[in-house]
Structures are given as structure tokens and as C-alpha cells.
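Have a look at the structure below, then the notes.
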Amino acid sequence: MRSMLFALLLVTAAPAAAQHAEEADRAAVMATVDQLFGALASKDRAALLGAVVAEGRATSTGVDAAGRPEVNSTDWTAFADRLARSTEQYRERLIDPHVHVEGDIAMIWSRYEFERDGAFSHCGIDHFDLVRIEGRWRVLNLTWTRQTTGCPGR
Amino acid sequence: MKSLLLALSALCLAACGAREAPGAGAAAPGAAGPSAEEKAAVMQPVRAFLDGVARRDPAALRAAIHPGGVATGVGCGPNGQYNQLFTQPLAAYVETVVQMPADQREALFDPEVRIDRNLAHVWNRYEYSGGGRMLAAGYSSYQLVRVGGQWKIFNYSWSTRPQDCAAQ
């Protein structure tokens with residue numbers, strides 16, 4: 001009876017422990033995204049650079065005025081510089097993110113919504129690559145799409 | 001005793017079967033997701049990239065990439081210590097990877113493909129082998145962009161396992 005009880009404890013403990021670790025990883029990854037989005041809103045250059053790998057890339061995929069596909073990409077230092085010079089208020093939020101964490105890399109694929117000066121601006125998909133170095137998650141790459149029509153609920 | 005066993009069983013049923021809530025899928029919410037054809041179009045430069053690495057063919061690698069992105073590995077430092085970050089422009093990375101020993105190969109497993117407009121992502125497990133043994137394993141992430149109707153790898157990043165550093 002005691003060995004059966006012990007076996008049952010092992011069966012319950014291992015998956016529960018694994019799930020707890022998964023949830024902790026996911027929470028840590030999302031906390032880094034929160035830090036990045038907080039820095040976007042507050043235009044805090046140091047907070048932004050503290051949430052990213054500077055040599056990573058912030059990249060938009062969209063279309064130019066003639067409708068041709070266009071890729072605009074900078075490293076995070078240039079992104080932070082542009083943010084510091086901007087005068088509009090930005091706010092971004094993720095909707096129902098899909099997160100994968102495997103060891104020390106992670107990814108997020110998510111719908112996002114973006115506001116400028118308190119009004120809805122556009123939506124799209126964000127994809128984040130994140131890395132964990134010395135126990136700390138940082139956004140490496142963020143690549144996104146952009147649309148002004150067809151946004152859910154708008 | 002029996003009631004305690006039942007209570008523990010219930011605990012497992014609650015926790016063991018739980019899954020992450022589904023997030024945004026490969027297309028707009030409510031849509032069916034990318035077709036097999038669309039997925040194959042995204043996978044083509046990824047497979048061409050790995051094939052180009054295996055054949056040490058820089059021209060094939062250049063054709064599979066958009067030169068604006070970065071290649072990043074979380075892996076082994078020069079003294080075999082784990083958790084070093086290596087980042088370099090992807091355009092430079094493709095020139096260095098062809099210098100690696102010719103018998104090393106990377107295999108890709110269970111790719112997940114997501115697409116939205118001109119952005120795609122591939123997430124897969126990989127194994128890297130050479131000299132008849134596995135040298136490294138982990139996960140790869142490819143962010144791709146579509147320009148001129150063609151998918152190109154923009155950013156490429158990967159993990160390795162701590163034990164892979166001891167093996168090298």
C-alpha cells in the first residue's frame with residue numbers, strides 16, 4: 001500500500017512540476033515583453049535596451065505607397081534612438097499570445113494592437129525571438145506585420 | 001487511505017492533462033491556417049539553407065536569405081562553457097558556416113510554420129551530427145519575409161544544450 005501511494009505521488013508530482021516550470025518560463029518571457037512595451041510607452045531608452053539584445057533586429061514587413069512588399073529593419077540601438085526622438089504616445093498590447101520556451105530560447109507569435117496618442121492606430125502579428133543569458137530573458141528579434149483594416153473588434 | 005488515493009488521482013487529472021491555451025494561430029483568428037502549399041513555400045528556403053550548409057555552398061545560402069537580419073546562437077564558448085550568446089549579421093554567418101568540417105550535417109524535425117501576410121516563422125527541433133555522432137541538438141527559429149513573391153530567411157536563431165558544450 002505504501003509503495004502504491006508513493007508511486008501515485010511520483011505520477012502526480014512530475015507532470016505538475018514540469019507544468020510549474022513551463023508556467024514560470026512563460027511568465028518570465030512575458031515579463032520581458034511587458035518591460036519592452038513599458039519602455040515603448042514611457043520612451044525610456046535605458047529600460048528598452050535593458051529588455052533587448054542590442055544587435056538583434058526590430059523589423060516591419062509591410063507595403064510601400066505603391067503596394068509593393070517592403071522590409072524596414074534596424075537594430076535596437078537605432079530603434080531606441082528613434083523612440084527617444086518621437087513625440088507621439090505609443091501603446092502596444094498583445095492579444096492571446098502563443099508562446100514556446102525551449103531551454104534558453106523562446107518565441108512568441110501573437111496578434112497585437114497599437115495605439116498612437118490614445119487612439120487605435122493599427123494591428124497585426126508580432127513575432128518575437130527571445131534568448132535567456134545569465135538567467136535573464138531578452139528580446140532578440142521582433143518582426144511584425146501591419147494592417148489598418150480588418151483588425152478584430154475594430 | 002482510499003480517499004487519500006482518490007484525492008491524489010484527482011490532482012493528477014487536473015494538472016497532468018492541462019495544456020497551454022491555444023494562441024494566435026498561423027493566420028487571422030477564425031481562419032483555417034496556412035495551406036500545405038503555403039507551408040511548403042515557407043519551408044523551401046529553410047530546407048535550401050540547410051542543404052546549402054551541408055554542401056558548403058555559399059551561393060545557395062545567399063539565395064535563401066534576405067541580407068538584413070542576424071544569425072544568433074545560444075551555445076558554447078571557446079572554453080566549453082555554456083550559455084554564451086553569439087550574434088552576427090546573417091550575411092556574414094553564411095560565409096563562415098561553409099568553412100566548417102564537411103562531414104557535419106543538420107537534421108530538422110517537426111517544423112511548425114506560421115504565416116501572416118509577408119511574415120512567416122518556422123520553429124523546429126534540430127540535431128547536428130558529424131563523425132558518426134550527435135554533436136549538438138536544440139531548437140531553431142527562422143523569421144522569414146516575403147519579397148518579390150519569394151520567402152527569404154531574415155533572422156535565424158538557435159539553442160544548444162548545456163551538455164553539448166562538454167561534447168565539443
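Identify, from the list A:Asp75, A:Asp81, the residue that is closer than 25 Å to B:Ser159 by Cα and more than 13 Å from the chain's Cα centre (by Cα).
None of the other options fit; the residue is A:Asp75.
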From the list A:Thr59, A:Thr12, which residue is at the interface with another protein chain (Cβ under 8 Å from one of its Cβ atoms), among the hydroxyl-bearing types (Ser, Thr, Tyr) and farther than 25 Å from B:Val145 by Cα? A:Thr12
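In the range A:68-78, is there at least one residue being among the aromatic types (Phe, Trp, Tyr), within 23 Å of B:Phe86 (Cβ to Cβ), within 12 Å of chain B (Cβ to nearest Cβ) and outside any strand (DSSP E or B)? I'd like the intermediate steps shown before the answer.
Narrowing the range A:68-78 to residues among the aromatic types (Phe, Trp, Tyr): A:76.
Applying the additional criterion that residues be within 23 Å of B:Phe86 (Cβ to Cβ) yields A:76.
Keeping just the survivors that are within 12 Å of chain B (Cβ to nearest Cβ) gives A:76.
Narrowing further to those that are outside any strand (DSSP E or B): A:76.
Yes.
Quick check on my filter: what residues within the range A:90-108 are part of a strand (DSSP E or B) and without any contact (Cβ under 8 Å) to a residue 40 or more places away in the chain?
A:Asp96, A:His98, A:His100, A:Glu102, A:Ile105, A:Met107
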Tell me, which residue of the range A:128-154 that is β-branched (Val, Ile, Thr) and more than 7 Å from chain B (Cβ to nearest Cβ) is nearest to B:Arg114 (Cα to Cα)? A:Val139
Which is of a type in the set (Phe, Trp, Tyr), touching a strand residue (DSSP E or B) at 6+ places or on another chain (Cβ under 6 Å), buried (at least 21 other Cβ atoms within 10 Å of the Cβ) and farther than 14 Å from A:Phe37 by Cα, of A:Trp137, A:Trp76? A:Trp137
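Rundown of residues vs (1) farther than 23 Å from A:Gly135 by Cα; (2) small (Gly, Ala, Ser), yes/no style:
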position	(1), (2)
A:Ala16	no, yes
A:Arg26	no, no
A:Thr32	no, no
A:Lys43	yes, no
A:Gly62	yes, yes
A:Arg68	yes, no
A:Ile95	yes, no
Only one of these is under 14 Å from A:Val29 (Cα atoms), at pLDDT 95 or above and among the acidic types (Asp, Glu): A:Asp104, A:Asp81, A:Asp126, A:Asp117. Name it. A:Asp104
Would the range A:109-127 turn up any residue that is touching a helix residue (DSSP H, G or I) at 6+ places or on another chain (Cβ under 8 Å), part of a strand (DSSP E or B) and either within 20 Å of A:Ser42 (Cα to Cα) or within 14 Å of chain B (Cβ to nearest Cβ) (or both)? no
Tell me the residue from A:Ala41, A:Ala21 that is more than 14 Å from chain B (Cβ to nearest Cβ) and surrounded by fewer than 19 Cβ atoms within 10 Å (Cβ to Cβ), please. A:Ala41
Does A:Ser60 satisfy the criteria of being surrounded by 15 or more Cβ atoms within 10 Å (Cβ to Cβ) and modelled with pLDDT of 95 or more? yes
Name the residues in the range B:96-133 that are surrounded by fewer than 14 Cβ atoms within 10 Å (Cβ to Cβ), hydrophobic (A, V, I, L, M, F, W, C) and either touching a His at 6+ places or on another chain (Cβ under 9 Å) or modelled with pLDDT of 95 or more (or both), would you? B:Phe109
Can you give me the number of residues within the range A:132-154 that are over 23 Å from A:Asn72 (Cβ atoms) and assigned to a strand (DSSP E or B)? 4
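The values are calculated or read from the model by the stated rules, or taken from the named source; none is laboratory data. This is a predicted model, so every value here is computed, not measured. Here the Cβ is made from the backbone with ideal geometry for all residues, glycine too, and neighbour counts use every protein chain on show.
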